[in-house]
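Asks: Below you'll find the structure I mean.
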């Protein structure tokens, strides 16, 4: 009887990261996203219903209570948790009411940028030709100017107001949508399903609306999210320079402008709105990055 022996060869096995390492990485991602979404929910609640969250009038002045430091205990029956400014106005109330301007300007500017830039990007990418060259040349000329300088110039021409602020930020933001969507459409129009739709007799409008717009929607959403954060920073900067919304309206940028003469004696007047702006912008950026990872296959496969 012949004994047959077989030799087993072992193929190299890819070493996977430990469960603890994977879990810790996912916890960091989910933890930062959770904190960011929680912060944004609070900001949205403040913007939607500030009168429900706080009863103190943000413009109520009391010189006898000016520049009070943050305190959890009540003083003379009035509690100023985050202190007061140089006119005795409650900082917490102005933070809550100021969120309305920041969210309104940021969201409206992003929506208007999408409405302006996406159709132009689809038009340039799908048809090309002279229209593409003209629009892209205009975009290149606009990108040659620093965004803040362009915003200051436009506000100086149109005048400072909330409506003009939204228009200025939208004019500065359409270029990103137009250029990115154009590049994506140039790639998508060569796909087999687009060629098949053309062969079946689909009109240009049907191809754009049924195939190109859904394919570019994740990109549009991510860009718009980051534009909201940029618009909030720009609005605060212009208001700080006196070119933003009316000083009668509570705003985070206006609070920073009021606090510039009190940085040493009442530093909380600038620190608190600055922290709120930074946290809001950071949270929006983290949310946008999470959206990018959710839509990007390279991140989903990890």
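The values are calculated or read from the model by the stated rules, or taken from the named source; none is laboratory data. Quick caveat, the model's predicted, so the values are computed rather than measured. Because the Cβ atoms are built from the backbone with ideal geometry, glycine has one as well, and the counts that use them run over all protein chains shown.
Asks: Count, please, the residues in region 58-91 that happen to be modelled with pLDDT under 85, part of a loop (DSSP other than H, G, I, E, B) and farther than 16 Å from residue 266 by Cβ.
Replies: Count: 6.
Asks: Of everything in region 246-266, what is more than 16 Å from residue 166 (Cα to Cα), assigned to a loop (DSSP other than H, G, I, E, B) and in contact with a helix residue (DSSP H, G or I) (Cβ under 8 Å, 6 or more places away or on another chain)? Give them in sequence order.
Replies: Those that are more than 16 Å from residue 166 (Cα to Cα), assigned to a loop (DSSP other than H, G, I, E, B) and in contact with a helix residue (DSSP H, G or I) (Cβ under 8 Å, 6 or more places away or on another chain): 247, 250, 263, 266.
Asks: Does residue 243 count as closer than 24 Å to residue 162 by Cα, assigned to a helix (DSSP H, G or I) and in contact (Cβ under 8 Å) with a residue 60 or more places away in the chain? Full working, then the answer.
Replies: Details: closer than 24 Å to residue 162 by Cα: yes; assigned to a helix (DSSP H, G or I): no; in contact (Cβ under 8 Å) with a residue 60 or more places away in the chain: yes.
It is false that residue 243 is closer than 24 Å to residue 162 by Cα, assigned to a helix (DSSP H, G or I) and in contact (Cβ under 8 Å) with a residue 60 or more places away in the chain.
Asks: Taking residue 135 as the residue in question, decide whether it is within 16 Å of residue 50 (Cα to Cα), buried (at least 18 other Cβ atoms within 10 Å of the Cβ) and either in contact with a helix residue (DSSP H, G or I) (Cβ under 8 Å, 6 or more places away or on another chain) or at pLDDT 90 or above (or both). Working first, answer last.
Replies: Working: within 16 Å of residue 50 (Cα to Cα): no; buried (at least 18 other Cβ atoms within 10 Å of the Cβ): yes; either in contact with a helix residue (DSSP H, G or I) (Cβ under 8 Å, 6 or more places away or on another chain) or at pLDDT 90 or above (or both): yes.
For residue 135, the condition - within 16 Å of residue 50 (Cα to Cα), buried (at least 18 other Cβ atoms within 10 Å of the Cβ) and either in contact with a helix residue (DSSP H, G or I) (Cβ under 8 Å, 6 or more places away or on another chain) or at pLDDT 90 or above (or both) - is not met.
Asks: Residue 228 - would you say it is under 30 Å from residue 158 (Cβ atoms), surrounded by 18 or more Cβ atoms within 10 Å (Cβ to Cβ), touching a helix residue (DSSP H, G or I) at 6+ places or on another chain (Cβ under 6 Å) and modelled with pLDDT of 90 or more? Write out each step before concluding.
Replies: Numbers: under 30 Å from residue 158 (Cβ atoms): yes; surrounded by 18 or more Cβ atoms within 10 Å (Cβ to Cβ): yes; touching a helix residue (DSSP H, G or I) at 6+ places or on another chain (Cβ under 6 Å): yes; modelled with pLDDT of 90 or more: yes.
For residue 228, the condition - under 30 Å from residue 158 (Cβ atoms), surrounded by 18 or more Cβ atoms within 10 Å (Cβ to Cβ), touching a helix residue (DSSP H, G or I) at 6+ places or on another chain (Cβ under 6 Å) and modelled with pLDDT of 90 or more - is met.
Asks: Determine which member of the set 289, 258 is crowded, with 16+ Cβ neighbours inside 10 Å and without any contact (Cβ under 8 Å) to a residue 12 or more places away in the chain.
Replies: Numbers: 258 fails: without any contact (Cβ under 8 Å) to a residue 12 or more places away in the chain.
After applying the criteria, what remains is 289.
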